[in-house]
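The values are calculated or read from the model by the stated rules, or taken from the named source; none is laboratory data. In this text, all values refer to a predicted model and were calculated from it rather than measured experimentally. Heads up, the Cβs are rebuilt from the backbone with ideal geometry, glycines too, and the neighbour counts pull from every protein chain shown. Ligands, DNA and RNA are excluded from the accessible area calculation, which covers all protein heavy atoms including side chains. Shrake-Rupley method; radii C 1.70, N 1.55, O 1.52, S 1.80 Å.
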Amino acid sequence: MRYLLFTLSILFCQLALAQQKDIEQANKLYLQGDYINAIKKYESCNTNDFTIDDKKKIINCYRLTNQLFKSESFLNEVSSATKEEIYCNYYLNLLIQKKDYTKIKLLSEQGILKIDYTILKNKIDALYNDTALYKIDALTINTEFADMGLVQFKNGFVFCSSRPTNKVVERKHSWTNQSFLNLFYCENINKNWSAPILFSPEIKCKFNLGPLCFSNKSKDLWLTENYADNDQLSSEKKFKLKIVHYKFIDSKWTKQKDIPFNNIDYNVAHPAVSEDGNTIYFSSNMPGGFGGMDIYISHKTKKGWSTPVNLGAQINTLGNEVFPTLLQDGTIYFSSDGLIGIGGLDLYFTKSINENYLTPINVGAPLNSTADDFHLIYDNKNKCGHFSSNRINHGLNDDIFKFVKSDIETNDEIKTTSSDIKQEKKEDTSEKRIITIIDKAENSPLTGVKITDSQGNIMSISDSNGMAEIDSGINKIKIVKDGFNSKEVVFNEFKNDYQFNLKKNDGAAYSSWYKIIYYDLDKSDIRKDMAKEVNDIVDFLKAHPELKITITSFTDSRASVNYNEKLSQRRTNSIEQFLLLHGIPKKQIAKSAWLGEGILVNNCGNDIPCTEEMHQLNRRTEVFVSGISK
């Protein structure tokens, strides 16, 4: 018996060592970017032997090969164990794709998903309001391989595809086990697509080519491709993406000087270039961003391309913002998996006004689906366009789709690219509120003033005459400009024209900075999920000792007026004491106030039925810069 037990013990040890060796091999394949083979190796292992770090790698393998649905159990475990925002967002995205709102609500109640379920569900439901507005058809040029990124080129179209090219040596991508992307050209004649052919013999790369765009009447080409030389490996031993520029000279495409912000250690990809060639938007995971891939802008000057500028938190998220396309009127379409959407990558659009970007608008279904939807080009004249999506075949391959407004017949030739889909989605005949913003001290119009809703979403920005317009149905706004005191306005009646004066703030550039701390019912202690917010206040004040702040607290309408006033005082004291205990001098706290239920952010007054989520919005402390410490 002892011999048998000893033999079994050796056998179990050998099995455990073999299992650990398989996991190590899988991890090595993951680090090499060979996600297909890494998945095969992980799937041969016993899941009980995986660490949290192993499970994160498995999630990323499935995510990067468009198989996120296979990682649900791992996402559940990692999100519950770590509550890391990025994996919680992946999990939320998957549950939205599956329309598993019961699970989303449960996880939000457990504090794993940091969302307001009611607001999220209402926003998603609204994205399905216009599902019959556009007719969508897959193009006949699609294959069983990846086809995406269609753009117009003269009388035809250029797109990217991983279809075989009949080369003697056909390289395959370890992510997808398909050929690398190449560029193809085709035409549409009388609604019939010609057989695609390789676009140009001068444009080639050992690895991926595309997506791309054209400028200067199709004489300039801007293209995403991989670094390919052995001395161009990143510190992670991978070939990253870069943007290359070609010019059509003497009947052939000639490569130009590399764009200066390409870098072998991070991706610079998905160019969208203005027709004059002087502005480029692109996607990158360069250091200093908000999350995965962010969208940046650079301008061409006499000295060359300017240092890229991140479009900011209004556009970019913890997730990925990718595939920007630029229309002639300045509208920017892009895809994101970090903003609220239907699932996967969703299509959004925004516009720059005085270099401020309007809050992105989700184009909704049917253009968006629970799969990845991206790279949209639009023809306002014919009310049609094209986009790419992996909504067919369980998300495993990309295809190109045509969309057209349901009551219009068009051919497939795109004449122009201008305006935006939002105007087609809903014909807005409502009256507008015209708002003029004046600098009180100078008695002159203020340009670049942001008009936001109560959640901080930018609805309009004042022009050079200080004028902005919003829909008449919006009854509460906030007027914000750096260097001036913000102003909140509630409209009780409708008229066409309004004028508001803004007073300069001694805090100048920091006048729009503010934080909101939320509380549990009848509590004044700082919740764990608010720790980051109050620590951000500490860090901000230590970084700017010249500034002073105002702290004002509020309650919801439940309980008596006198009780709520005292409760709001305790909340203000709680924040003030936290700041003082963490080294913030008293002189930086200009004013401490408590207003009880005096200012509600919604209509949840006495005896008015409201959800708990709506009451939560009123249980708060607001902190903002109010001047300079003397």
message: Looking at the structure I just gave you, is residue 107 at pLDDT 90 or above and either open to solvent by less than 60 Å² (accessible area, probe 1.4 Å) or within 27 Å of residue 320 (Cα to Cα) (or both)?
response: yes
statement: Within the range 294-308, the residues that are surrounded by fewer than 13 Cβ atoms within 10 Å (Cβ to Cβ) and free of Cβ contacts under 8 Å to residues at least 12 places away in the same chain are 301, 302, 303
query: Going through the range 416-452 one residue at a time, which ones are at pLDDT below 80, open to solvent by less than 70 Å² (accessible area, probe 1.4 Å) and part of a loop (DSSP other than H, G, I, E, B)?
result: 416, 417, 418, 419, 420, 430
Residue list for the range 123-146, restricted to those being among the polar types (S, T, N, Q) and either modelled with pLDDT under 85 or closer than 18 Å to residue 346 by Cα (or both): 129, 131
task: Just give me the residues in the range 580-606 being over 18 Å from residue 554 (Cα atoms) and exposed (fewer than 12 other Cβ atoms within 10 Å of the Cβ), in sequence order.
output: 581, 583, 586, 587
message: Quick check on this structure: which one of 458, 474 is at pLDDT below 85 and under 14 Å from residue 432 (Cα atoms)?
response: 474
- request: Being within 26 Å of residue 622 (Cα to Cα), of a type outside the set (A, V, I, L, M, F, W, C) and out of contact with any Ser or Thr (no Cβ under 6 Å at 6 or more places or on another chain) is the filter here, so list the residues in the range 463-482 that pass it.
  value: 475, 481
- request: Give 307, 317 a once-over and let me know the one that is assigned to a loop (DSSP other than H, G, I, E, B), more than 30 Å from residue 465 (Cβ to Cβ) and over 18 Å from the mean Cα position of the chain (by Cα).
  value: 307
Of all residues making up the range 557-576, the number that are under 19 Å from residue 626 (Cα atoms) and either free of Cβ contacts under 8 Å to residues at least 40 places away in the same chain or open to solvent by 80 Å² or more (accessible area, probe 1.4 Å) (or both): 1
query: Restricting attention to the range 23-40, does a residue exist that is farther than 29 Å from residue 369 by Cβ, small (Gly, Ala, Ser), open to solvent by less than 20 Å² (accessible area, probe 1.4 Å) and without any contact (Cβ under 8 Å) to a residue 40 or more places away in the chain?
result: yes
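Could you look through the range 512-559, keep only residues that are part of a loop (DSSP other than H, G, I, E, B) and in contact with a Gly (Cβ under 6 Å, 6 or more places away or on another chain), and pick out the one that is modelled with the highest pLDDT?
Ranking the qualifying residues of the range 512-559, first place goes to 555.
Taking strands (runs of 3 or more DSSP E) that do not extend beyond the range 195-293, which have at least 2 residues that are touching a residue at least 12 places away in the same chain (Cβ under 8 Å) and open to solvent by 30 Å² or more (accessible area, probe 1.4 Å)? Give the steps one after another, and end with the answer.
Values: elements: 209-215, 220-226, 241-249, 252-255, 268-273, 279-284.
Answer list for the range 195-293: 241-249, 252-255.
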- line: Pairs returned, first residue in the range 445-473 that is closer than 12 Å to residue 498 by Cβ, second residue that is aromatic (Phe, Trp, Tyr), beta-carbon separation under 9 angstrom, 6 or more apart or interchain, are 472/491; 472/494
- prompt: Out of all the residues in the range 196-216, which are at pLDDT 90 or above and aliphatic (A, V, I, L, M)?
  reply: 197, 198, 212
- prompt: What number of residues in the range 94-123 are of a type outside the set (D, E, K, R) and assigned to a loop (DSSP other than H, G, I, E, B)?
  reply: 5
query: Would it be correct to say that residue 605 is under 29 Å from residue 484 (Cβ atoms) and either outside any strand (DSSP E or B) or of a type in the set (Lys, Arg) (or both)?
result: no
field: Long-range neighbours under 7 Å by Cβ, at least six apart or interchain, first residue within 14 Å of residue 292 (Cα to Cα) within the range 67-92, second surrounded by fewer than 18 Cβ atoms within 10 Å (Cβ to Cβ) and not charged (D, E, K, R)
entry: 85/318; 86/318; 89/318
- line: When the range 185-194 is checked residue by residue, the ones that are at pLDDT 85 or above and not in a strand (DSSP E or B) are 187, 194
